[in-house]
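What follows is a single structure, written as structure tokens, with notes after it.
The values are calculated or read from the model by the stated rules, or taken from the named source; none is laboratory data. Since the structure is predicted, the reported quantities are computational estimates derived from the model, not experimental observations. Note that each Cβ is placed from the backbone with ideal geometry, even for glycine, and that neighbours are counted across all protein chains shown. The area values use the complete protein model at the heavy-atom level, side chains included, leaving out ligands, DNA and RNA. Shrake-Rupley method; radii C 1.70, N 1.55, O 1.52, S 1.80 Å.
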Amino acid sequence: MSALAQCLGLDPAKYRAPTQPADDTLRTLDSQIPDTERFKNARQFTPMCSACKAQYVCEGIARSEAESGLLCTHCNHLPSPASLATQLAVQIRKHIREYYAFAVVCDEPACGLTSRLLPVSGSKCLRSQCAGKMQQVYPDKLLYHQIQYFAALLAVDRSATRLGTTSAQILTLRDRHPEHIMRLSAVVDSYLAVSARKFVNLSSLFSFCHT
């Protein structure tokens with residue numbers, strides 16, 4: 001902050017942040033939110049079983065300490081890696097399309113107007129007599145957390161925390177179906193890799209400081 005103040009011609013001493021412990025300097029508010037809170041609005045991965053043709057909730061590496069989350073809950077069948085990976089990609093693309101629909105809704109409960117037209121006067125409601133604000137129904141943060149939720153289902157440490165068990169127990173379950181986990185992880189990683197929320201271009205952000 002002091003460096004930014006100096007770039008703006010201000011006294012940097014007034015904007016120097018107090019010293020913090022080294023392990024806290026890189027933490028963000030989002031990183032301290034537990035997964036139960038972060039993913040409270042996330043939708044479950046619901047593929048169709050190739051054996052019984054029913055949809056089921058796929059919970060990734062583990063459904064419990066002793067049960068794989070990849071198995072169909074109706075017939076206990078394990079769909080192929082390609083089938084699950086393809087269906088996960090389809091579901092992620094569905095969420096992306098929902099984000100790009102840019103639907104907005106008024107936050108005033110008595111109004112509740114929904115539209116795909118962006119207001120020309122900032123975020124003010126499109127109804128002239130309403131004091132509410134238009135908000136995106138499916139914002140980028142919700143999309144990012146949705147994809148993060150899929151990643152968490154395939155992460156050993158986060159699965160262990162979710163189930164209240166040890167990482168060693170989850171590793172045992174992961175190693176039963178390594179190709180499934182690898183294929184599913186590759187799908188999720190391919191979408192997270194292009195998410196702008198993962199990166200901050202500091203060179204661009206502070207380009208005005210360069211002479």
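Per-structure values
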| quantity | calculated |
| --- | --- |
| Test: residue in segment 94-112 that is closer than 28 Å to residue 62 by Cα, of a type outside the set (Lys, Arg) and out of contact with any Pro (no Cβ under 9 Å at 6 or more places or on another chain) | yes |
| Residue match in segment 52-65 (condition: at pLDDT 90 or above and of a type in the set (Asp, Glu)) | yes |
| Extreme residue, surrounded by the most Cβ atoms within 10 Å (Cβ to Cβ), among residues of segment 41-85 that are in a loop (DSSP other than H, G, I, E, B) and of a type in the set (A, V, I, L, M) | 70 |
| Matching option when the condition is among the aliphatic types (A, V, I, L, M), in contact with a helix residue (DSSP H, G or I) (Cβ under 6 Å, 6 or more places away or on another chain) and either modelled with pLDDT under 95 or under 25 Å from residue 190 (Cα atoms) (or both), among 103, 89 | 89 |
| Count of residues meeting criterion [open to solvent by 30 Å² or more (accessible area, probe 1.4 Å), of a type in the set (Ser, Thr, Tyr) and closer than 19 Å to residue 101 by Cβ] in segment 120-148 | 2 |
| Criterion: touching a residue at least 12 places away in the same chain (Cβ under 8 Å) and closer than 30 Å to residue 189 by Cβ - qualifying residue of 123, 115, 83 | 83 |
| Residues that are under 18 Å from the mean Cα position of the chain (by Cα) and either more than 25 Å from residue 40 (Cβ to Cβ) or assigned to a strand (DSSP E or B) (or both), drawn from segment 129-188 | 136, 186 |
| Qualifying residue in segment 174-191 (condition: free of Cβ contacts under 8 Å to residues at least 24 places away in the same chain and buried (at least 19 other Cβ atoms within 10 Å of the Cβ)) | no |
